[in-house]
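Input: a single structure, listed below in structure tokens.
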Amino acid sequence: MTLDELTAAIGGTIIRPGDSEWEAARRFHSGIGEPAVVIRASSVDDVRGALRYAAAERLDVMVRSGGHSAWGQVPGGVTIDISALDDVSIDGTRVSVGGGAQWGAIARTLGAHGLGLSSGDTASVGVGGLTLGGGIGWMVRAWGLASDQLVGAQLVTARGDVVEVSASSHPDLFWALRGGGGNFGVVTRFDFEAHPLDGVVHAVFGIDGDAAPALRVLADLMKTAPRELTVTYMDVPPMDPNAPAGAMISAVWIGTDEEAARRALAPLRDAPGIIEREIGVQQYPDILLQTPEFDPEHPMPGFVGGNTLLRELGDDPIDRLVAFRAQNPASVVLLRSLGGAYGDVAQDDSPFPARDATWFAMAGAFDIPGMLDDAGRAAATAAWDAIEALGAGVYGNFTTSTDPSMAERMYPPATMARLSAIKREWDPGNVFCRNHNVRPV
Ligand SMILES: Cc1cc2nc3c(=O)[nH]c(=O)nc-3n(C[C@H](O)[C@H](O)[C@H](O)COP(=O)(O)OP(=O)(O)OC[C@H]3O[C@@H](n4cnc5c(N)ncnc54)[C@H](O)[C@@H]3O)c2cc1C
């Protein structure tokens, strides 16, 4: 099939170098891709046509939904942009979402129906990449990962078949879609079970001085906190004039019971250095973050560090994370509480690692020329390695690494063996390899 034949056959748009939309079409959240062509699919049949074209021309394929991953590059290949597949339909609490939708729009549509899904913290992140990799969001302790809310999917396979996937129809494939990434086909529709949600209590606290004492209080508090409460800690340098720099803790309580949220957070409000900035009822879509478009003049620098799932947030990881941030002026440290519903899912029920983790931790020093020399890079690497050694697994969606060996680090051997067997059945030629790749061997 030639590109001209494909152009005639599909309802979507084909964008080539030189076209007026080319620059925008090949841009993703953190960079600019160099594909030979971008195919903007407008239907399931368009996705099938795009795959047929790529196979006929022996071109590499990259599936793009929200475009927030580090996987925007497919040099000389085909970007299949499915962001136009963003329909939402609601039947009671069953919600079907197009494979290219973004979480902010979904949250708004569901909000109008008094419903919610736990997604991530950012409006423009895609349902596709986030869900297939897991998805740690504001309701993770009450409702689990984004992928834990998945009950079905429509998948276009490498052979171009359209398969309706559920736990009863294709148990192995369904298992793989809940954390195994975009390895098994193009998901053109996700079916979720949503939850009643009339609002959230959102609280933000600053930290004055050493963050470690406040983090100890937070870690202690979260051991017994109701699962309505999820918290994050973030310490960032000034990067974006609209985003506050410095150490802060944000908390979300599901529902509008502000008194209950205040009670649950009381020990934190009294902790050393804590400054209460805001607390009040909000609509969930309003607390999702907005991110600026990629700016080629100011590309994101590289990142020395990583992420890990911690079974316990004890003194050692707290002290090491705080020290990491202090030793690297241009660095970021992030903690997110887990446990609750996240831990209710048995380890074997999905490929997602470390269901016994109670915290997610991430730290990275920005590799900015003039700020990080060889010695600083080596020190940051060693400091991070020591933190990661305390953890129980790596969360793929938060790695910026496109190193093929990353998947081996994300999945324990037995999980990887099961994923590989499923990959062999559904994508034996490894068409879907622009991801944390599970090889079909
Ligand atoms: C600003 C920002 C905030 C973030 N916040 C969170 C957060 O709060 N919680 C969290 O867990 N993660 C978060 N992430 C990480 C995010 O989950 C990953 O980057 C994720 O891959 C983004 O998905 P996407 O669809 O936007 O990306 P894309 O780059 O479009 O896709 C990512 C990968 O998934 C595959 N893929 C995407 N859609 C489909 C589909 N429909 N079918 C088959 N394969 C598909 C792609 O091929 C690619 O390999 C954040 C990332 C950024 C940049």
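Every number here is computed from the coordinates shown, using simple stated rules; none is lab data. Quick caveat: nothing in here was measured; it's all calculated off a predicted structure. Neighbour counts run over all protein chains shown; Cβ positions are idealised from the backbone, glycine included.
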Computed magnitude of the charge dipole of segment 1-146 (debye, nearest 20; Cβ of K, R +1, Cβ of D, E -1):
420 debye
About the Cα centre of the chain, how large is the charge dipole given +1 on each Lys and Arg Cβ and -1 on each Asp and Glu Cβ? Please answer in debye to the nearest 20.
680 debye
Ranked on Cβ counts within 10 Å of their own Cβ, fewest leading, Met248, Met62 go Met248, Met62
Run the numbers for Gln347 and Ala421: contour at 0.36 nm per residue of separation, minus the present Cα-Cα distance, in nm.
24.8 nm
Taking the Cα centroid of segment 350-397 and of segment 110-130, what is the distance between the two, rounded to the nearest whole Å?
26 Å
Along the Cα-to-Cβ line of Ala414, 7 Å from the Cα, sits a label point; which residues in segment 331-365 have backbone N less than 11 Å from it?
347-349
Whole-percent pair-distance distribution, where bins are 10 Å wide, for the alpha carbons of the chain
4, 21, 31, 27, 13, 3, 0
Over what distance in Å are the Cα centres of segment 57-75 and segment 1-26 separated?
15 Å
Want the number for Ala105 to Thr256: 0.36 nm per residue separation, take away the alpha-carbon distance, what's left?
52.2 nm
Under the 7 Å Cα-to-Cβ spin-label approximation, Val151 and Arg263 lie apart by a distance in nanometres of 3.2 nm
Mean-square fluctuation check for the chain, GNM, Cα pairs under 10 Å: which of His29, His298, His113 is largest?
His298
Additional length obtainable on full extension of the chain from Asp198 to Asp161, 0.36 nm per residue less Cα span
9.4 nm
Which listed residue (Thr188, Thr256, Ile279) has the Cα farthest towards the positive end of the charge dipole for the chain, taking +1 on Lys and Arg C-beta and -1 on Asp and Glu C-beta about the Cα centre?
Thr188
With the charge dipole of segment 286-441 built from beta-carbon charges (+1 for Lys and Arg, -1 for Asp and Glu) about the Cα centre, the Cα from Ser405, Ile368, Pro329 projecting farthest to the positive end belongs to Ser405
Environment charge of Gly339, counting only residues whose C-beta is closer than 12 Å and scoring Lys/Arg +1, Asp/Glu -1
+3
Going by how many other beta carbons lie within 10 Å of each one, how would you line up Phe205, Phe294, Phe184, Phe28, fewest first?
Phe294, Phe28, Phe205, Phe184
Taking the Cα centre of segment 166-275 as the origin, how large is its charge dipole in debye, to the nearest 20, when only Lys and Arg (+1) and Asp and Glu (-1) carry charge on their Cβ atoms?
220 debye
For segment 28-93, run through the trypsin sites (Lys or Arg not before Pro) and keep only the ones in DSSP coil with at most 16 other Cβ atoms within 10 Å of their Cβ.
Arg58
